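S.K.: Have a look at this one.
What follows draws every value from the coordinates through simple rules; no lab data is involved. Keep in mind it's a predicted model, so treat the numbers as computed, not measured. Here Cβ is always computed from backbone atoms with ideal geometry, including for glycine, and neighbour counts include all displayed protein chains.
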Amino acid sequence: MAPRAGSVEPDREEMPSIPITPRAVLTGAVAVATLGLINPYLAFVSRTWDVGSGSLLNSPVFVLFLLVVVNSLLIRVWPGRAFSRGELLVVYGMLIVSVGLAMQGGLPYIVSTTTFPFYRASPGNQWEHLILPHIPFFLRLNSIEHVSWFWEGAPAAGVPWREWLVPMAAWGSFTLALMVAMFSLGALLRKDWIERQRLTFPLVDVPLAMTGEDERASLKSSILNNRVFWMGFGIPAIFVTLGWFHTLYPSVPSPQLYAIEVGRYFASKGLPWSVLSGHDGLRVSIIFPVIGITCLLPSEVSLSLWLFYVLFQVQMLTWASFGVAEEGGTAAIAINPRMFIAFQEAGGFLAIAGAAVWQSRRAVRAAWRQLLGRAKVPEDPYAPLSGRWALLLFVGTNAFMLWWGVQAGMSWWGYAALMLLFYAVLLGASRLVAAGGVMYVDTGFWPRGVVLGALGSQPLGPQTLTMYTYLSVIYMYDPMNLAMPQMMNSFKLVHSARLRGTIFTLAAVVALSAIIVFGVPALLQMIHGKGAAALARWPFTSYPQWGFGELDTVLRSPQLADNWLRLAIVLGAGFTLLLVWLHTHFVWWPVSPVGFLIASSYETNRSMWVNVFIAWMLTTVIRRYGGLRLFRTFRPAFLGLVLGQYLPQGFFAILSSIFGITQPAG
């Protein structure tokens with residue numbers, strides 16, 4: 001999480017950067033546009049595949065595999081037209097910085113949240129008087145009939161494009177500004193994280209291994225040509241294959257490996273054990289890519305990820321043993337244990353973000369001096385932006401977003417408070433992915449809830465609270481799909497492949513433009529053809545219903561500031577700084593701060609802890625009894641656990657689309 005004592009910038013000469021070719025950018029743009037066009041149908045109608053979620057998106061991995069296969073053929077039949085390794089990595093980099101927007105990164109939430117409060121307003125809930133007056137006109141459709149078309153399906157007239165133009169332009173401008181701000185912040189910290197602190201970026205190992213080390217990527221030079229790799233590949237591939245055949249022939253056995261509710265066995269046992277049951281109760285999943293990636297991590301990181309989860313559950317049991325629980329507690333103390341722990345983690349994110357900026361203060365100071373013309377910085381060929389431009393764009397885009405929020409009716413300080421916490425999550429999540437390879441970065445809190453818990457709702461006012469709901473549902477309720485960690489991975493990819501950084505910035509702009517230009521119309525066309533109400537609740541109904549339900553509650557019964565939660569933030573920040581200090585200054589300290597930040601989150605419970613524990617046990621045994629030599633021997637098998645899940649899923653998604661196979665709605 002933090003660099004160990006004695007970390008220094010590597011003393012080496014910069015090697016010449018490799019130019020990024022126009023055809024690489026064109027290929028990446030076509031791939032992004034194609035995924036933006038097909039994702040709405042595959043993800044929400046046939047439910048056979050989607051562009052992916054989490055820190056390692058499955059669609060870029062599968063597209064890269066297809067390109068490596070095609071390139072292998074080109075090398076044999078048309079060598080002069082074969083792609084270089086760098087060109088394929090550019091395509092992958094363009095994909096990871098953009099395609100997440102098509103699924104859980106914003107676009108489905110933007111279109112559903114734009115219409116949801118108007119469609120669900122009724123005389124019973126009185127939203128017409130309680131909520132709708134606080135929604136700015138440039139974020140709404142002009143016709144309630146067109147709102148109904150979105151949820152119930154449009155007539156032959158199709159999508160009312162003119163109605164959607166203004167709200168999509170408004171949200172599009174804010175989204176692009178936010179993406180540029182994240183890109184600029186990442187560019188500002190990139191060199192320090194990669195070269196001085198030497199963070200490992202474990203997820204970047206996947207595309208680098210797939211493309212091999214030869215100048216022209218092929219199956220021969222790829223990790224797919226390694227026999228040990230196929231030992232790992234075969235395990236998840238068998239389960240994926242059984243699952244697909246089970247959809248065709250239910251008599252084919254398909255073991256249930258995902259989200260097994262172990263907590264239900266504790267539901268009838270009363271306190272304290274009943275706290276392990278319910279919606280957030282103890283769950284077990286076997287997710288092979290998580291196991292594979294975690295096997296690549298240092299033991300201090302993998303130990304932290306499962307150890308702090310166990311300590312979180314011990315805390316919940318301890319609170320419940322004194323009668324203090326979310327439900328069914330009898331103690332007089334007015335505290336929600338899960339929320340108290342979540343606010344400690346919020347303090348941890350604030351602390352880790354502050355520590356990250358402090359550790360990179362030299363880079364920030366150099367960019368500031370460069371902006372003022374007081375210093376000349378040697379050219380970095382791998383930098384996506386110079387320090388001066390990174391700082392200028394970060395300040396400029398944030399100034400625009402502040403202006404945008406004020407125009408939407410927010411108070412400037414209310415907007416600033418929310419975004420301060422959001423940037424803490426962005427920096428913390430990026431650090432978790434870059435240093436810890438965490439595939440599902442989730443949080444036990446949301447910035448909106450932290451602001452309300454610390455300040456109360458009355459000082460904010462109804463318009464600010466309404467915009468809190470919009471910003472939270474669209475950008476902040478799915479922290480495992482934030483774009484900044486993907487951008488940091490792309491910067492590491494550019495550095496490892498020695499690509500020209502400034503040209504990659506242009507490629508990233510092309511990719512982001514392509515996903516918006518092609519993704520939004522495809523999404524609206526699909527929804528108006530089917531009707532959002534006829535599709536699965538997630539993501540079109542569940543998150544807006546949750547967000548506006550919270551807004552309804554807080555507008556009717558204003559929330560007061562909670563001193564217990566304020567204390568939790570302070571305690572969490574202090575404990576995190578202590579962990580960072582121990583991890584930075586003492587080589588013998590065995591635990592990273594990573595696990596503390598996400599211990600109570602839903603995805604840690606559902607997707608992470610068991611898999612991390614399995615990987616930690618496996619690698620501990622390998623290192624202890626076989627040493628680093630045996631660990632290096634098995635390393636291709638660990639990557640096989642990742643690709644053995646992603647590649648067969650992509651293959652069967654193609655077959656399902658060809659034969660019209662669909663999955664039942666969730």
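S.K.: Treating only the Cβ of Lys, Arg, Asp and Glu as charged (+1, +1, -1, -1), what charge dipole size does the range 22-659 show about its Cα centre? Round to the nearest 20 debye. Could you put the intermediate results ahead of the total?
M.R.: Working: 41 positive and 26 negative charges, 371 e Å.
Using only the charged Cβ atoms, the result is roughly 1780 debye.
S.K.: To the nearest Å, what is the center-to-center distance of the range 574-590 and the range 609-666, using C-alpha atoms only?
M.R.: For the range 574-590 versus the range 609-666, the Cα centre distance is 31 Å.
S.K.: Next question, about the same structure. Suppose every Lys and Arg Cβ carries +1 and every Asp and Glu Cβ carries -1, with no other charges. What dipole size does the range 223-355 come out with about its Cα centre, to the nearest 20 debye?
M.R.: Values: 5 positive and 6 negative charges, 61 e Å.
Using only the charged Cβ atoms, the result is roughly 300 debye.
S.K.: Which residues in the range 384-414 have a backbone N closer than 17 Å to a point placed 7 Å from the Cα of Phe138 along the Cα-to-Cβ line?
M.R.: Under 17 Å, as judged by backbone N against the label point of Phe138, lie 397-412 of the range 384-414.
S.K.: OK, next. With each label point set 7 Å from Cα along the Cα-Cβ vector, what nm distance links Glu128 and Thr200?
M.R.: 6.0 nm
S.K.: Next up: Just to be sure I understand: if I project the alpha-carbon convex hull of the range 550-660 onto a plane and average over all orientations, what area do I get in nm²? Before the final figure, lay out each step's value.
M.R.: Numbers: hull surface 53.3 nm².
Here the figure is 13.3 nm², rounded to one decimal.
S.K.: Take the alpha carbon atoms of the range 371-449, find their center, do the same for the range 69-133, and report the distance between the two centers in whole angstrom.
M.R.: About 20 Å separates the Cα centre of the range 371-449 from the one of the range 69-133.
S.K.: Among Ala454, His129, Gly529, flag the residue with its Cα farthest along the positive direction of the charge dipole of the range 22-659, charges on Cβ as +1 for Lys/Arg and -1 for Asp/Glu.
M.R.: The listed residue farthest towards the positive side: Ala454.
S.K.: Continuing with this model, one more query. Just report the Cα centroid separation between the range 217-254 and the range 179-196, whole Å.
M.R.: Their Cα centres are 36 Å away from one another.
S.K.: Per q in 0.05, 0.06, 0.08, 0.09 1/Å, what log10 I(q)/I(0) does a Debye calculation on the alpha-carbon atoms of the chain return?
M.R.: Values, matching the q order: -0.22, -0.33, -0.60, -0.78.
S.K.: What does the charge add up to near Leu618, with Lys and Arg as +1, Asp and Glu as -1, over the other residues with Cβ less than 14 Å from its Cβ? Kindly include the intermediate steps, with their values, before the conclusion.
M.R.: Values: positive: Arg623, Arg624, Arg635; negative: none.
Here the count lands on +3.
S.K.: List the trypsin sites (Lys or Arg not before Pro) within the range 250-315 that DSSP assigns to loop and that have no more than 15 neighbouring Cβ atoms inside 10 Å.
M.R.: When the trypsin sites (Lys or Arg not before Pro) of the range 250-315 are filtered for loop state and at most 15 Cβ neighbours within 10 Å, nothing remains.
S.K.: Just want the ordering: Val206, Val30, from fewest to most Cβ atoms lying within 10 Å of their own Cβ. Show your work: numbers first, answer last.
M.R.: Details: Val206 24, Val30 12.
Starting with the residue having the fewest Cβ neighbours, the order is Val30, Val206.
S.K.: Please compute the contact order of the range 22-659 in relative form: average sequence separation of alpha-carbon pairs under 8 Å and at least six residues apart, divided by the residue count, as a percent.
M.R.: Details: 1027 pairs, mean separation 191.4, N = 638.
For the range 22-659, the relative contact order is 30 percent.
S.K.: With point charges of +1 on the Cβ of Lys and Arg and -1 on the Cβ of Asp and Glu, referenced to the Cα centre of the range 481-636, which listed residue (Leu628, Met487, Leu506) lies farthest in the positive direction of the dipole?
M.R.: Highest projection toward the positive end goes to Leu628.
S.K.: Loop-only GluC sites (Glu not before Pro) in the range 13-122, please: DSSP not H, G, I, E or B, and at most 12 other Cβ atoms within 10 Å. Numbers along the way, then the final one.
M.R.: Numbers: sites: Glu13, Glu14, Glu87; in loops: Glu13, Glu14.
Here the sparse-neighbourhood loop sites are Glu13, Glu14.
S.K.: Restricting attention to the range 334-367, which chymotrypsin sites (Phe, Trp or Tyr not before Pro) occupy a DSSP loop and are surrounded by at most 11 other Cβ atoms within 10 Å?
M.R.: none
S.K.: While we're looking at this one, here's another question. Quick check on the exposure proxy: order Ile75, Ile352, Ile516 from fewest to most C-beta atoms within 10 angstrom. Could the numbers behind the result be given before it?
M.R.: Numbers: Ile75 20, Ile352 27, Ile516 23.
Result, fewest neighbours first: Ile75, Ile516, Ile352.
S.K.: Further, regarding this structure: Can you give the extra length, in nm with one decimal, that the chain gains between Glu213 and Arg498 once fully stretched, where that is 0.36 nm per residue apart less the Cα-Cα distance? List each step's numbers first, then the result.
M.R.: Values: separation 285, 0.36 × 285 = 102.60 nm, distance 1.24 nm.
Result for the pair: 101.4 nm of gain on full extension.
S.K.: Can you give the calculated 222 nm mean residue ellipticity of the chain, where each DSSP H run of n ≥ 4 adds -39,500 (n - 2.57) and the sum is split over every residue, rounded to the nearest 500 deg cm²/dmol?
M.R.: Working: 24 runs with 412 residues, N = 666.
Theoretical 222 nm ellipticity from helices: -21000 deg cm²/dmol.
S.K.: Next question, about the same structure. Quick check on the exposure proxy: order Glu603, Glu145, Glu195 from fewest to most C-beta atoms within 10 angstrom. Numbers along the way, then the final one.
M.R.: Details: Glu603 21, Glu145 12, Glu195 17.
Listed from fewest to most nearby Cβ atoms, that is Glu145, Glu195, Glu603.
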